[in-house]
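Asks: Can you read through this structure? Questions will come right after.
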Amino acid sequence: MSPVSLTPAQSHALLDILTHRETYTAEIELFKTPGIINSYGPPFQPDPPATTTTTTSNSNSNNRSNNNNNNPKNDGTDSSSKKDADTAAAADKNDEPKKVTSKSPILQILFSTFIVPIPGLRDISQDFWSKRIQPLIDDLAKANLSESYDKGSMGIRKTLATAVSALIEYPARGLLGGMPGREIKPDPNRVYDVNHQQDLVDAWREFMRQVVYGDLLDQLFEKAAQSDDLQAHSDLVIAAHQHIVVNLASLAHYVLVTSPKGQTLLSLVERTNKLIPYRIVRQTLKVGNAATMISGMTRLVLAKVSIGTLTNWIGWSSGADEGMNLLQTIIYTVLSWEIKELESRVSKLEKSKDCPSKQHLAAILAYTKLTRIDQEDYRVISKASSTSIVHSIISLAPSSPSTEFTVEGHKLLLEYLSIQLSIRDREHLILVLCKSNPDVLTAAIRDIMQIYDPILRDIHNAVDLSGTISDFERFVNDMIKIAKIPSTESGSGTSTPTNNENGPKKPPGVEDFVRLFERHQGSCHVFLHQFCKKGDKAKELWLEYAKYAAKQFRRPEGVTGEGAGGFTATLNKLVDELNEEDRKVVLRQMDEYEEYLQKLNQKTKRRMESIISINEGELKKPLKKGPGNFLFKWQELLDSTEITPAEATGGKVRSGKDTSVRAASGVGLDGEKRGGKLVSGIGEIVNGDGVKEVVEMPDVRRTVELLLPRFKEVLASSEYLEKKDEKGNDDDDDDDDDDDDDSDSFFEANEE
């Protein structure tokens with residue numbers, strides 16, 4: 001077979017497929033497994049330093065051998081010294097720390113490339129990662145938080161984890177493939193209109209090109225130091241800024257309104273916001289002396305006052321419960337409120353006339369206390385036998401309760417299991433975050449406060465932090481007010497969209513969130529102006545970091561072409577390793593996937609156009625979902641989640657896109673449904689005839705099965721990144737590269 005040479009569209013599609021699946025399914029989901037953080041790699045397990053132990057041992061051995069050979073009394077037959085040296089060398093080699101092969105290569109690369117070098121964090125000790133953060137992550141994994149399969153709906157953890165995955169796969173592709181268009185010279189005469197969708201897209205693409213390959217970052221910091229007025233910037237920056245605002249609004253709307261647990265998450269934010277002592281924080285931040293202010297904030301947030309704290313400090317006790325600080329108190333209070341709501345639902349359910357026997361309830365409760373491995377065995381049985389998770393639990397219960405359920409009784413057991421799992425989740429989160437001993441959370445935050453002391457002093461002298469907190473409080477309160485949707489079970493049981501003050505509130509559209517960000521963007525501009533004007537050393541640190549981060553997306557010198565950029569050769573090699581039959585399947589699925597991406601681009605453009613036209617004053621029906629291909633990727637991850645069958649026996653495993661699952665996911669902690677009509681069909685587009693057609697992600701399972709393991713090996717071994725560095729990811733801003741295409745990268749405007 002001749003060597004494979006993927007077309008730009010094919011390499012673009014393949015890199016998208018592999019990063020999408022690798023980021024969530026093969027990496028983020030692994031963090032629910034205890035001990036997985038021990039195989040993460042740097043910074044939790046640092047690479048071993050370049051030592052000369054073995055070399056030294058061999059050198060000593062050679063010296064001893066040479067000495068023996070030079071000794072006239074040694075005839076060369078005595079080998080005891082050589083054996084001792086070889087044994088010592090072997091022991092030294094075994095004692096050497098070995099490099100950890102990461103089981104989460106994409107997350108590890110992104111974290112080490114962009115998070116660890118952040119000003120402040122780059123100066124923190126290795127113990128912070130290995131003795132603070134690593135145990136905290138592992139404790140959360142050991143808590144065995146519940147699975148969506150068992151609960152019959154999407155949980156907050158699943159919703160947020162998939163959202164994070166859908167976002168970070170973009171910088172992952174940008175890091176691997178690089179930013180196209182290096183050789184393109186900016187057009188100083190180009191005018192960008194914020195009321196035209198294509199101008200926003202073009203401005204965003206050009207903005208990112210100049211950030212990565214030009215000196216736009218220096219210009220932005222310089223202009224921000226001169227004025228806090230957005231209009232003082234160029235048309236390019238203003239249009240790119242508007243593009244960012246629309247996409248942020250789209251994301252916020254989807255998180256709080258459209259997503260399955262959006263209103264539950266909003267309730268969590270609202271309760272937390274009410275417990276934050278804004279007035280005390282503002283008064284503390286007004287203290288003129290920076291050292292006194294930092295000390296006061298540290299004591300306010302982290303100080304613990306209890307008998308255990310005193311006796312441990314004096315030495316009368318060791319490991320006594322020291323109580324909770326302000327941060328932990330807020331976490332504990334919010335989660336405790338939620339537990340009370342859930343327990344109230346349990347009480348009502350147990351009193352229901354259709355509630356099964358106490359034996360059934362006891363079996364369900366016992367299941368929630370099993371280990372993760374034992375619970376997984378039940379899920380395997382449920383899937384294999386086409387029975388619900390409840391039926392599997394009851395049929396294997398030691399007390400042997402009846403497996404004959406009424407429809408309503410089975411439904412109540414599913415709800416009972418979901419509620420009990422939710423209660424257990426919150427109880428274990430309290431144990432890990434608020435009542436662990438030693439308290440690694442408090443210790444980690446204290447370490448961060450200490451390392452950021454110089455930077456915080458500089459910011460305190462430059463910025464009105466008290467005013468910034470007031471601005472933040474107003475923004476959060478405004479956002480909560482806009483995003484809140486009333487229960488659909490109040491009154492007549494239906495929610496009719498209306499704007500009447502006395503009628504039910506109409507669910508907010510994306511445009512409402514765009515206006516929210518536009519109202520409050522000025523406070524952000526003021527903060528940046530103060531920081532850039534008087535920040536001195538802190539400003540220089542962050543400008544240096546921003547340039548470093550942008551440089552990571554440059555394509556290596558000499559790499560030309562579209563598609564996956566610098567990663568195309570690696571993809572060609574992966575496909576080339578396949579047999580002819582598998583290769584044909586993979587190539588066909590690439591083409592189908594690229595077509596799917598193009599349709600998503602069309603949908604994103606239509607949504608952007610709709611928002612822009614609203615801003616022009618044209619009245620249209622508010623958008624239920626905003627622009628951004630990341631929303632489609634996010635929804636696909638939710639839709640592909642496996643959920644227990646709804647029927648006791650003979651049912652099929654459901655997925656996140658099933659209507660019953662979406663309905664269950666929309667139920668709040670109090671048992672009431674919110675959001676009115678279910679929002680579905682995120683993949684719908686309107687064709688040329690004005691007819692809606694559903695765009696679903698094509699089946700690429702065979703491609704994932706064949707190529708994902710090798711893709712992960714390449715990333716874990718750092719083969720590609722090492723080659724990329726060798727090719728010269730240099731500082732020369734004038735190096736030529738090829739093409740200004742729509743190839744995939746973190747900065748692709750249509751996918752932002």
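The values are calculated or read from the model by the stated rules, or taken from the named source; none is laboratory data. Bear in mind that the values here come from a model prediction, so they are computed numbers and not experimental data. Virtual Cβ from ideal backbone geometry, glycine too; neighbours counted across all protein chains shown. Heads up: the accessible areas ignore ligands, DNA and RNA and are worked out on the full protein's heavy atoms, side chains in. Shrake-Rupley method; radii C 1.70, N 1.55, O 1.52, S 1.80 Å.
Asks: For region 375-426, which GluC sites (Glu not before Pro) pass both filters: DSSP loop (anything but H, G, I, E, B) and at most 15 other C-beta atoms within 10 Å?
Replies: Taking region 375-426 and a limit of 15 other Cβ atoms within 10 Å, the loop GluC sites (Glu not before Pro) found are 404.
Asks: With r as the distance between the Cβ atoms of residue 598 and residue 670 and R0 = 41 Å, compute the FRET efficiency 1/(1 + (r/R0)^6) and round to 0.05.
Replies: Working from the Cβ atoms, E equals 0.40.
Asks: Output the relative contact order of region 348-407, whole-number percent, from Cα pairs under 8 angstrom with separation of 6+ residues.
Replies: 30
Asks: Give me a comma-separated list of calculated 3J(HN,Hα) values for region 469-482, in order, Karplus coefficients 6.51, -1.76, 1.60 applied at θ = phi - 60°, integers in Hz, x for any Gly or Pro.
Replies: 5, 5, 4, 5, 4, 5, 4, 5, 4, 5, 5, 4, 4, 6
Asks: Per-residue accessible area for residue 519 at 1.4 Å probe radius, Å² rounded to 10?
Replies: Near enough 130 Å² of accessible area.
Asks: Turning to a different aspect of this structure: Roughly how much of residue 570 is accessible, in Å² to the nearest 10, using a 1.4 Å probe?
Replies: Answer for residue 570: close to 30 Å² accessible.
Asks: What chymotrypsin sites (Phe, Trp or Tyr not before Pro) in region 586-665 are in a loop by DSSP, with at most 11 other Cβ atoms within 10 Å of the Cβ?
Replies: Taking region 586-665 and a limit of 11 other Cβ atoms within 10 Å, no loop chymotrypsin sites (Phe, Trp or Tyr not before Pro) are found.
Asks: Another question about this same structure. Please state the shape class of region 213-302: rounded when a/c is under 1.5, otherwise prolate if a/b exceeds b/c and oblate if not, all from the C-alpha gyration tensor.
Replies: Oblate, since a/c reaches 1.5 and b/c is not below a/b.
Asks: How high is the FRET efficiency between residue 215 and residue 118 when r is their beta carbon distance and R₀ equals 30 Å, given to the nearest 0.05?
Replies: With R0 = 30 Å, the Cβ-Cβ based efficiency is 0.85.
Asks: Here's something else I'd like to know. Can you work out the FRET efficiency for the pair residue 232 and residue 547, with r the C-beta to C-beta distance and R0 = 22 Å, to the nearest 0.05?
Replies: Computed FRET efficiency for residue 232 and residue 547: 0.50.
Asks: Work out how much length residue 621 to residue 190 would gain on full extension: take 0.36 nm times their residue separation and subtract the Cα-Cα distance, in nm to one decimal.
Replies: Here the answer is 151.9 nm.
Asks: Using a 1.4 Å probe, how large is the accessible area of residue 654, given in Å² and rounded to the nearest 10?
Replies: Per-residue accessible area (residue 654): approximately 30 Å².
Asks: Taking the Cβ of residue 408 as the centre, find all other residues whose Cβ is under 11 Å away and add up their charges (Lys, Arg: +1; Asp, Glu: -1).
Replies: 0
Asks: Report, by chain and number, residues whose modeled amide H sits under 5 Å from the one on residue 643, excluding near sequence neighbours (fewer than 5 apart, same chain).
Replies: 654, 655
Asks: Which sequence of 150, 582 reflects their accessible areas, 1.4 Å probe, from the largest down?
Replies: The most accessible residue leads, giving 582, 150.
Asks: So what J values fall out for region 418-426 if you push phi through Karplus, 6.51 cos²θ - 1.76 cosθ + 1.60 with θ = phi - 60°, rounded to Hz, Gly and Pro as x?
Replies: For region 418-426, the Karplus-derived couplings read 4, 5, 5, 5, 5, 5, 4, 4, 5 Hz, x marking Gly and Pro.
Asks: Here's a follow-up. Of 123, 199, 591, which has the most accessible area with a 1.4 Å probe, and how do the rest follow in descending order?
Replies: Per-residue accessible area, sorted high to low, gives 123, 591, 199.
Asks: Hey, any idea what % of region 93-220's accessible area is carbon plus sulfur with a 1.4 Å probe?
Replies: 55
Asks: Moving on. With labels modelled as points extended 7 Å from the Cα through the Cβ direction, what inter-label distance (nm, one decimal) is found for residue 198 paired with residue 25?
Replies: 3.7
Asks: Here is the link list: 599/712; 411/435; 340/435; 411/506; 340/673. Which ones come out longer than 25 Å on Cα distance?
Replies: Cα-Cα > 25 Å for 599/712; 411/435; 411/506; rest within.
Asks: Grab the Cα-Cα distance for residue 295 and residue 699, subtract it from 0.36 nm times how many residues apart they are, and report the gain in nm with one decimal.
Replies: Extra length from residue 295 to residue 699 when fully extended: 139.8 nm.
Asks: How large a share of the accessible area of region 393-441, in percent, is made up of carbon and sulfur atoms when the probe is 1.4 Å and the other protein chains stay in place?
Replies: Taking all protein chains in place, region 393-441 shows 56 percent carbon and sulfur surface.
Asks: Residues of region 401-432 with amide nitrogen under 11 Å from the 7 Å Cα-to-Cβ point of residue 647?
Replies: none
Asks: Show me, for region 574-582, the HN-Hα J-couplings you get by feeding each phi into the Karplus relation (A = 6.51, B = -1.76, C = 1.60, θ = phi - 60°), rounded to Hz, glycine and proline as x.
Replies: 4, 5, 5, 6, 7, 6, 4, 5, 5
Asks: Next question. Using a 7 Å offset from the Cα along the Cα-to-Cβ direction at both residue 142 and residue 411, what is the distance between the two label points in nm, to one decimal?
Replies: Taking the two extended label points, one gets 4.1 nm.
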